[in-house]
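Beneath this line is the structure, given in structure tokens, with notes to follow.
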Amino acid sequence: GLLSENIVEEAATIFEECVGVFLDEHQIPYMDETEQKRIQPHNSSTPDCLFRETVVLHWKNNVQCEINWVECKMFYGAS
């Protein structure tokens, strides 16, 4: 691969943390993977950020998009 697996994992973790900081700064309530696993320990499929309420994005021309979770994939295909 282009980068060692450790470097990719470390950078991906930092990116996930940055997304969390952004959500916190914009007061968007969410659960990270650790909290999700604590609440549902048998659920092996958890997004990086699960919103506590649906987030609605408003685009041009009155188009709306509802988002319930975010999965961060900063280095998809880098390894």
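No value in this document is a laboratory result; all are computed from the given coordinates. As the structure is a computational prediction, the values presented were derived from the model and not from experiment. Neighbour counts are summed over all protein chains in view; Cβ atoms, including those assigned to glycine, are modelled from backbone coordinates with ideal geometry.
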In the range 9-35, how many are surrounded by 17 or more Cβ atoms within 10 Å (Cβ to Cβ) and either outside any helix (DSSP H, G or I) or more than 10 Å from the chain's Cα centre (by Cα) (or both)?
-> 4
Mind counting the residues in the range 5-40 that are in contact (Cβ under 8 Å) with a residue 24 or more places away in the chain and out of contact with any Cys (no Cβ under 8 Å at 6 or more places or on another chain)?
-> 5
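Quick check: is even one residue across the range 42-61 assigned to a helix (DSSP H, G or I) and surrounded by 10 or more Cβ atoms within 10 Å (Cβ to Cβ)?
Residues of the range 42-61 assigned to a helix (DSSP H, G or I): 60-61.
Restricting the remaining residues to those that are surrounded by 10 or more Cβ atoms within 10 Å (Cβ to Cβ) gives none.
No, that holds for no residue.
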